[in-house]
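Undergrad: I have a structure I would like to understand better, so I am pasting it below and will then ask my questions one at a time.
The values are calculated or read from the model by the stated rules, or taken from the named source; none is laboratory data. Since the model is a prediction, treat every value here as computed from it, not as a measurement. Using ideal geometry, Cβ is built from the backbone for each residue, glycine included, and neighbour counts are taken over all protein chains shown.
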Amino acid sequence: MKRVKLFAFMLIVAVSSAHAQDADEIINNYFENTGGYDNWGNLEGVKMTFKVKQGGLEIPVEAVQMADGRQYSKITFQGNTIMQGVYDGKTLWNTNFQTMKAEKADSESTERQKLNENDFPEALYNYKDKGYKVEFVGKETIEGTETYKIKLTKEPVTVDGEKLDDITFYYFDTENFVPIAQETEVLSGPQKGVIGQVTFSDYQEVDGFYFPFSMTQGIKDGGSSPITIDSIELNPTVSDNDFAFPEGE
Amino acid sequence: MKNLIYVMACLCTILTSHGQAQEEIVLSGKELFGDLQARQIGPALMSGRINDLEGHPTNNRIIYVGAAGGGVWKSFDGGATFKPIFDEHAQSIGTVAIDPKDPDNTIWVGTGETWTRNSVSIGDGLYKTNDGGKTWEKVGFDKSERISSIEISPNSSDMYVGVLGALWGDSEERGVYKSSDGGKTWNKILYVGPSTGCGDLMMDPKDPSTLYASMWEFRRTAWSFSSGGNKSALYKSTDGGKTWNKIHNGFPSGKLGRIAIAIAPSNPQILYAVLETEKDKDNGLYRSDDGGANWKHLNNDFGLVVRPFYFSRIVVDPKNPDVVVKGGLFGSISRDGGKTFKNLGPMHADIHDILFDINDSDRMYVGTDGGVYRSWNGGTTMEIVPNLPLSQYYHISVDDAEPYNIYGGLQDNGSWYGPSSSPGGVEARDWNSIGFGDGFRVLKHPTKNIIYSEMQGAENVWRYDVERDKVKTIQPLPVKGDPKLRFNWNAPMAVSVHQPDRFYMGSQFLHKSEDMGNTWVKISPDLTTNDPAKQNQESSGGLSKDNSGAENHTTIFTIAESPIDEKVIWVGTDDGNVQVTRDGGKTWTNTVANIQGLPKNTWCYHIEASNFNIGTAYAVFEGHTKNDMNAYVYKTSDFGKTWKSIVTDEIYGFARNIQEDYVNEDLLFLGTEFGLYITVDGGKHWNKFTNNMPAVAVHYIELHKKTNDLIMGTHGRGIIIIDDISPLRELSQDVLQKDVHFFASKPTIMVEESGFGGGSTETQFVGPNPSKAARIVYYLKKRHTFGKMNMEIKDNGGNTVMELTPGKSKGINVVTWNYMIRQPKVAKGKTFSFGGFTSPRVPAGTYKVVLTKGKDTYETDLVLEYDPSSLLTAAEREEKHNITMKLYNMNEELAYVVYEMDEYIARAESLMKEDAKAKKTAEAVAKSLNDLKDTMVITKGDNYVGSAEPQLREKLSDLYSKIASGYEKPSASEMQNLQLLEERFNKAKADFNKIKEKEVSKMNTYIQKNNLKPVELKSFEDFLKI
């Protein structure tokens, strides 16, 4: 009988320790379990190739994100290359779909991009050093699954002349500590105020790190587009030209 | 110790294995419903009742709307558009307040509307957000029911809440509360009794320790309303609420009713109050110029005295203390300090709140029974905000048209019908008006194009001939020997599935017509309690008489003819009777005494006669008008001899309506004050449905027989549909225990339609259409997070025709496929060939869905059928398909030819650079191929008006797209064009072959001779993969 009581006691201890999860533990667990905290910090960059599917339309994309903040997404379609969200450390630019020429993003978007320079491999990584705030909001069921909800507040951003808080919510699966969803408020345009949602699944190992190979991107409680990742390359070789704004085109 | 560990391990195993064998899986709604999503289709054109408007103190782009039944909406663009930000909580809003110390982030919401008409919803406390509305926490005041005011100090942690409190009963959770720690702890600082609440609370904008509180003695029952008493008073405190004094100097003596109060922001010594008093001459507007020490009566025009319980809001221009606006039937504005008033400009009647822009007083926002209006000229011209779908349905019904229509009546907004889907989405212009006044029940004649609708108290019951646009009123009239007919405000009507021309209405009697309302027969005695104490509506209202008919009581409220036997009719009354006849009305039995645990005289809101068993029925009761907020839902299987409660603690809030499934008797849908609940086991467990479904009062539910759509009439968020609930029919413990379960699905019709439609402007609400794609629906016992999971569609030859991305959620997943294969690979060019974005449809037939999850695979069939309205014969369809695929293949073949040419050109160019001797040979290749390529694809220009002349690629892909996306057989003109393009393509290929034989061959020989890198070409199959 005593033993049964002891067993029950241990169960209670296990349950209450789960309740005592704080945000740092959850974040550390995630980085530790998916590659090791220090290893994540040593990554120099990631290149992904994936497909965005829209009805019967499949759009292949190559995306590169470097530790110093440089990034691009390259869409190759009917032999045309369209660059989106390209950032070379100074300039944020995109290919205009009509003229197929490079155009600089507006200054507010560029400023926001500059603020994100230090968000590799993840905004949550070493968040304290960046002056970000993290808060454990509570448990929430998302994708039918119990998660820890964590709120990340980064530096304020300027949108349409207004200074706004830059907040992201992360939902970590309570069973395995990987994020299965992420939410951010749309800050500009007709969808302003709506909550954008990204979900993550099909985590697989790449050279010792775990990455989600399947995502959906859309609006919370609304439609979403799936993204299927074909390959991930760590520390890719890139040149400055890949990111540079093509002056004089 | 070792022993202990061993024992524990055994115990653990026993416990787990025991658990596995026996354990019932009980999932919450969020774990179960997965991808089943509610679809909100509005309408927004007439919007709904607004309780409160609030503006950001320094940023005039930000505006909040507190709706009476539709939650909190936020505008980021100065009122052009609004987004809902409070969907998970009670949707009945009393007040929204912004913390002036942190106005971007800290917002408070007091729930429970405060303009206390008969049909109000309830709130359940005070809420706070620290992030501008993204996340909310409940702070308390669970039993407050209605919070009228929140005042927050601009320079300290002090804040105050005014609780109006319970409408239908005594409550001690009323009065004024103060927190000195920013809302963590609260003290009641002004309380005058259990029937008197705080109607309004104001803080002096320049001195936060000065407060004004108007206290109101009031009470509603189902059959009467009372405003006013000796406890109603206006109080002032100058010490942060420690002491309160009545400030009535200049007010009449005697009882007071509801008191509106306003402070002029530009001069807080100037106050306005609107009084409800014992004498008409004393009612209306009072002004004080000394902070309430003395009052002067200024005006008792209609606009200032009308229905104080509904319109006690007065607002002063932030810049000019003499510009005053009062809510009312039309709204009144004074520009002379309250001496005289004129009406606000034309808009929906019943004005509840007014908000001035902080910078420009010409910009005004007005909250009405019909949404929010904007003015740019100080209230003279008003325009509606067309994107607030806050319509408040009392009742809905559906027809069997395709797409089906939804009929229903709205609080103060008439009766309407509109389609469940429409080209371009369900827009304002899709809705048709079919009744005036307050609308309630609207029913379509089962076979004829006739609609029945009504207004309050059955004052008019319309029979509308839709095609001929003719209308006749057909309400039952008293005949010789009849007492006064008592119709409910929301009078019941019913049609019969057995006799299409039969039409029922209920007063205290059940009336039946067999000729669509021309001739009426009473088929019952008075079925109510006929309690005379509840029939004295003429004296209702308290200090201000208010006999609108809204309090009519001891009436029939619900009528249900059995779908199995027309002689079995159930009737429920608002005073708590459940009557049944089994002989078409000859004899009636009141069965309510057989219901255990139901408080006496609890309003019978809905009876659902079962589709499965003649003696089975469900009865939903609600006692909120007796201050009883519990849910009461009972089932009988023996014509009411015995009843069993099917309510569990999982249900929050009182219930109004239940819908039985047509296939699975244990699948039931319950509409409550705070949303939708679903049971799949006959009521043993209830799951709250929250996927895009706000916590809104669900007044009526229908299940569409053909589409299996669940349609809800909500009182604050319009029509909400869950498309095709049929997967829920299969949910059982057997299914829930499986790792993966595919739900059966009906064959999918591959819809053929133009794609035209949609004419709404940027700020108009458009309700989304249901997806027309094929649905693959399955249950996952656990979310898939690690490892690969994919889904393929295979044809009957086992070929993969499409790869889909499966959902990974625990619970129900819905994956859609638009019955298309991938778009063709189109030749590389300088610009886009837009025709190449088209994907062709697959032929009808049975396809296999293969779900691969790690090492396991799961399969199900998917059946596609052609649209029965198609113009194509089988032979024509085959021809269309063949031509489409021929062009698809030609596009890909051209892509490969151009790829080959590009490879040769690239090699020729590199060769020229690496070997000067090769120049002549390589140059010939580059030139001849580039010349030819110029005729095959666009090699210059852009995607807009700088475009170059279209070449073969563009012409081929355009013709392909034209035929693939059309729904007729290829026309003669198209076939001629195809012939032209084929000839051109053949010639191009022949020219290419010539160049290959001559120039390219020469270059290859050169390469070979000099041992240089040869041209390596991918095979056609490999090329298609890149």
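To keep it simple, each residue is scored yes or no on (1) of a type outside the set (Asp, Glu); (2) out of contact with any strand residue (DSSP E or B) (no Cβ under 9 Å at 6 or more places or on another chain).
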| position | (1), (2) |
| --- | --- |
| B:531 | no, yes |
| B:549 | yes, yes |
| B:559 | yes, no |
| B:572 | yes, no |
| B:594 | yes, no |
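Undergrad: Here's something else I'd like to know. Among the residues of segment A:114-124, is any assigned to a strand (DSSP E or B) and in contact with a helix residue (DSSP H, G or I) (Cβ under 9 Å, 6 or more places away or on another chain)? Spell out the reasoning first.
TA: Start the filter on segment A:114-124 by keeping residues that are assigned to a strand (DSSP E or B), which leaves none.
The answer is no, given that none of the residues of segment A:114-124 is assigned to a strand (DSSP E or B) and in contact with a helix residue (DSSP H, G or I) (Cβ under 9 Å, 6 or more places away or on another chain).
Undergrad: For a quick check of your reading of the model, give me the residue pairs whose first member lies in segment A:229-249 and is exposed (fewer than 12 other Cβ atoms within 10 Å of the Cβ), whose second is aliphatic (A, V, I, L, M), with beta-carbon atoms closer than 8 Å and at least 6 apart or on different chains.
TA: Once the first residue is exposed (fewer than 12 other Cβ atoms within 10 Å of the Cβ) and sits in segment A:229-249, its partners that are aliphatic (A, V, I, L, M) give A:231/A:48; A:249/A:102.
Undergrad: Can you name the residue in segment B:34-64 that is within 13 Å of chain A (Cβ to nearest Cβ) and closer than 18 Å to residue B:132 by Cα and is also nearest to the chain's Cα centre (by Cα) among such residues?
TA: Only one residue tops the list, namely B:64.
Undergrad: For segment B:410-434, what are the residues that are surrounded by 20 or more Cβ atoms within 10 Å (Cβ to Cβ) and on the phi > 0 side of the Ramachandran plot?
TA: The answer is B:412, and nothing else.
Undergrad: When you check residue B:329 against the structure, is it more than 37 Å from the chain's Cα centre (by Cα) and of a type outside the set (Gly, Ala, Ser), yes or no? Lay out the reasoning, then the answer.
TA: Numbers: more than 37 Å from the chain's Cα centre (by Cα): no; of a type outside the set (Gly, Ala, Ser): yes.
So residue B:329 fails the test.
Undergrad: Now for a separate question. Of all residues in segment B:758-795, which are closer than 25 Å to residue A:214 by Cα, of a type in the set (A, V, I, L, M, F, W, C) and under 18 Å from the mean Cα position of the chain (by Cα)?
TA: Listed by number, the list is empty, since nothing qualifies.
Undergrad: Turning to a different aspect of this structure: When the residues of segment A:39-88 are narrowed to those that are at pLDDT 90 or above and in a loop (DSSP other than H, G, I, E, B), which ends up nearest to residue B:830 (Cα to Cα)?
TA: Checked segment A:39-88; the qualifying residue nearest to residue B:830 (Cα to Cα) is A:88.
Undergrad: Then there is this: Find all pairs meeting these conditions: Cβ atoms under 7 angstrom apart; at least six residues apart or on different chains; first residue within segment A:34-61 and in contact (Cβ under 8 Å) with a residue 24 or more places away in the chain; second residue in a helix (DSSP H, G or I) and charged (D, E, K, R).
TA: As it stands, the answer is none, since no pair meets every condition given.
Undergrad: Shifting gears a bit: Consider residue B:791 against the criteria (1) within 10 Å of chain A (Cβ to nearest Cβ); (2) closer than 30 Å to residue A:81 by Cα; (3) buried (at least 19 other Cβ atoms within 10 Å of the Cβ): it satisfies all of them except one. Which criterion is unmet?
TA: Status for residue B:791: all satisfied but (1).
Undergrad: Looking at segment B:740-751, I want the residues that are charged (D, E, K, R) and assigned to a loop (DSSP other than H, G, I, E, B) and have a partner that is surrounded by 13 or more Cβ atoms within 10 Å (Cβ to Cβ) and at pLDDT 95 or above with Cβ atoms under 7 Å, at least 6 apart or on another chain. Which pairs are those?
TA: From segment B:740-751, no pairs qualify.
Undergrad: Something else: Out of the residues in segment B:843-874 that are assigned to a loop (DSSP other than H, G, I, E, B) and more than 34 Å from the chain's Cα centre (by Cα), which is nearest to the other protein chains (Cβ to nearest Cβ)?
TA: Residues of segment B:843-874 assigned to a loop (DSSP other than H, G, I, E, B): B:843-844, B:854-855, B:867-873.
Checking which are more than 34 Å from the chain's Cα centre (by Cα) leaves us with B:843-844, B:854-855, B:871-873.
Details: B:843: 15, B:844: 17, B:854: 10, B:855: 14, B:871: 23, B:872: 20, B:873: 25 Å.
Among them, the one singled out is B:854.
Undergrad: Could you list, in sequence order, all residues of segment B:560-575 that are surrounded by fewer than 22 Cβ atoms within 10 Å (Cβ to Cβ) and touching a residue at least 24 places away in the same chain (Cβ under 8 Å)?
TA: So in segment B:560-575, the residues surrounded by fewer than 22 Cβ atoms within 10 Å (Cβ to Cβ) come out as B:563-568.
Residues satisfying the conditions are B:563, B:564, B:565, B:566, B:568.
Undergrad: Let me ask you something else. Quick one: which residue in B:846, B:852 is surrounded by fewer than 17 Cβ atoms within 10 Å (Cβ to Cβ) and under 30 Å from residue B:968 (Cβ atoms)?
TA: Values: B:852 fails: under 30 Å from residue B:968 (Cβ atoms).
Checking each option against the conditions leaves just B:846.
Undergrad: Output the qualifying pairs, or none if there are none: Cβ atoms under 6 angstrom, residues six or more apart or on different chains, first residue in segment A:201-214 and more than 13 Å from chain B (Cβ to nearest Cβ), second residue crowded, with 21+ Cβ neighbours inside 10 Å.
TA: A:208/A:35; A:209/A:35
Undergrad: Shifting gears a bit: Kindly list the number of the only condition in (1) of a type outside the set (Gly, Ala, Ser); (2) in a loop (DSSP other than H, G, I, E, B); (3) farther than 30 Å from residue B:258 by Cβ; (4) out of contact with any Phe, Trp or Tyr (no Cβ under 8 Å at 6 or more places or on another chain) that fails for residue B:504.
TA: Among (1) of a type outside the set (Gly, Ala, Ser); (2) in a loop (DSSP other than H, G, I, E, B); (3) farther than 30 Å from residue B:258 by Cβ; (4) out of contact with any Phe, Trp or Tyr (no Cβ under 8 Å at 6 or more places or on another chain), residue B:504 violates only (2).
Undergrad: May I pose another question? Applying the selection to segment B:79-91, what residues are farther than 27 Å from residue B:157 by Cα and either more than 12 Å from chain A (Cβ to nearest Cβ) or assigned to a strand (DSSP E or B) (or both)?
TA: Taking segment B:79-91 and keeping what is farther than 27 Å from residue B:157 by Cα, we get B:79-84, B:87-88, B:91.
The answer is B:79, B:83, B:84, B:91.
Undergrad: Further question: Listed residues B:727, B:806, B:768; which is more than 12 Å from chain A (Cβ to nearest Cβ) and in contact (Cβ under 8 Å) with a residue 24 or more places away in the chain?
TA: Numbers: B:806 fails: more than 12 Å from chain A (Cβ to nearest Cβ); B:768 fails: more than 12 Å from chain A (Cβ to nearest Cβ).
It is B:727.
Undergrad: Of the numbered conditions (1) touching an Asp or Glu at 6+ places or on another chain (Cβ under 6 Å); (2) closer than 30 Å to residue B:1001 by Cβ, residue B:890 satisfies every one except a single condition; which is it?
TA: Tallying (1) touching an Asp or Glu at 6+ places or on another chain (Cβ under 6 Å); (2) closer than 30 Å to residue B:1001 by Cβ, residue B:890 fails exactly one: (1).
Undergrad: Taking residue B:166, is it of a type in the set (Gly, Ala, Ser), modelled with pLDDT of 95 or more, in contact with a helix residue (DSSP H, G or I) (Cβ under 7 Å, 6 or more places away or on another chain) and crowded, with 18+ Cβ neighbours inside 10 Å?
TA: On the way: of a type in the set (Gly, Ala, Ser): yes; modelled with pLDDT of 95 or more: yes; in contact with a helix residue (DSSP H, G or I) (Cβ under 7 Å, 6 or more places away or on another chain): no; crowded, with 18+ Cβ neighbours inside 10 Å: yes.
No: the conditions fail for residue B:166.
Undergrad: Let me ask another. Grab the helices (runs of 4 or more DSSP H) fully contained in segment B:910-1007, keeping just those with 1 or more residues being modelled with pLDDT of 95 or more and loosely packed, with under 15 Cβ neighbours inside 10 Å. First the steps, then the outcome.
TA: Working: elements: B:919-934, B:952-964, B:972-995.
Qualifying helices (runs of 4 or more DSSP H): B:919-934, B:972-995.
Undergrad: Quick check: anything in segment A:145-159 within 8 Å of another protein chain (Cβ to nearest Cβ) and of a type outside the set (Gly, Ala, Ser)? Don't jump to the end; show me each part of the working.
TA: Going through segment A:145-159, the residues within 8 Å of another protein chain (Cβ to nearest Cβ) turn out to be A:145, A:151.
Imposing the further condition that a residue be of a type outside the set (Gly, Ala, Ser) reduces the set to A:145, A:151.
Yes, there is a match, as at least one residue in segment A:145-159 is within 8 Å of another protein chain (Cβ to nearest Cβ) and of a type outside the set (Gly, Ala, Ser).
Undergrad: Would you be able to say whether some residue in segment B:818-830 is within 22 Å of residue A:223 (Cα to Cα), in a loop (DSSP other than H, G, I, E, B) and away from chain A (no Cβ under 14 Å)?
TA: In the first step, residues of segment B:818-830 are kept if they are within 22 Å of residue A:223 (Cα to Cα); the result is B:818-823.
Subsequent filtering for residues that are in a loop (DSSP other than H, G, I, E, B) retains B:818-819, B:821-823.
Next, only the ones that are away from chain A (no Cβ under 14 Å) stay: none.
No - not one qualifying residue is present in segment B:818-830.
Undergrad: For segment B:831-841: of the residues being of a type in the set (Ser, Thr, Tyr) and touching a helix residue (DSSP H, G or I) at 6+ places or on another chain (Cβ under 6 Å), which is farthest from the other protein chains (Cβ to nearest Cβ)? So that I can check it myself, show each step before the final result.
TA: So the first thing to find is which residues in segment B:831-841 are of a type in the set (Ser, Thr, Tyr), and the list is B:831, B:833, B:838-839.
Next, only the ones that are touching a helix residue (DSSP H, G or I) at 6+ places or on another chain (Cβ under 6 Å) stay: B:833, B:838.
Working: B:833: 6, B:838: 8 Å.
Step by step, filter segment B:831-841, then rank; the result is B:838.
Undergrad: Within segment B:301-323, which residues are under 18 Å from residue B:199 (Cβ atoms) and among the hydrophobic types (A, V, I, L, M, F, W, C)?
TA: So the first thing to find is which residues in segment B:301-323 are under 18 Å from residue B:199 (Cβ atoms), and the list is B:304-316.
Within segment B:301-323, B:304, B:305, B:306, B:309, B:311, B:314, B:315, B:316 qualify.
Undergrad: With A:120, A:172 as the choices, which residue is buried (at least 18 other Cβ atoms within 10 Å of the Cβ), within 12 Å of chain B (Cβ to nearest Cβ) and either in contact with a strand residue (DSSP E or B) (Cβ under 9 Å, 6 or more places away or on another chain) or farther than 20 Å from residue A:25 by Cα (or both)? Spell out how you get there, then give the answer.
TA: Working: A:120 fails: within 12 Å of chain B (Cβ to nearest Cβ).
The conditions single out A:172.
Undergrad: Taking only pairs six or more apart or across chains, which ones have beta-carbon atoms under 9 Å, a first residue in segment B:953-971 that is under 17 Å from residue B:878 (Cβ atoms), and a second residue that is part of a loop (DSSP other than H, G, I, E, B) and hydrophobic (A, V, I, L, M, F, W, C)?
TA: Once the first residue is under 17 Å from residue B:878 (Cβ atoms) and sits in segment B:953-971, its partners that are part of a loop (DSSP other than H, G, I, E, B) and hydrophobic (A, V, I, L, M, F, W, C) give B:967/B:871; B:967/B:872; B:968/B:871; B:968/B:872; B:969/B:871; B:969/B:872.
Undergrad: OK, next. With the requirement that a residue be part of a loop (DSSP other than H, G, I, E, B) and on the phi > 0 side of the Ramachandran plot, what does segment B:514-542 give you? Give the steps one after another, and end with the answer.
TA: At the first step, the residues of segment B:514-542 found to be part of a loop (DSSP other than H, G, I, E, B) are B:514-520, B:523-531, B:535-536, B:540.
Listed by number, the residues that qualify are B:516, B:517, B:530.
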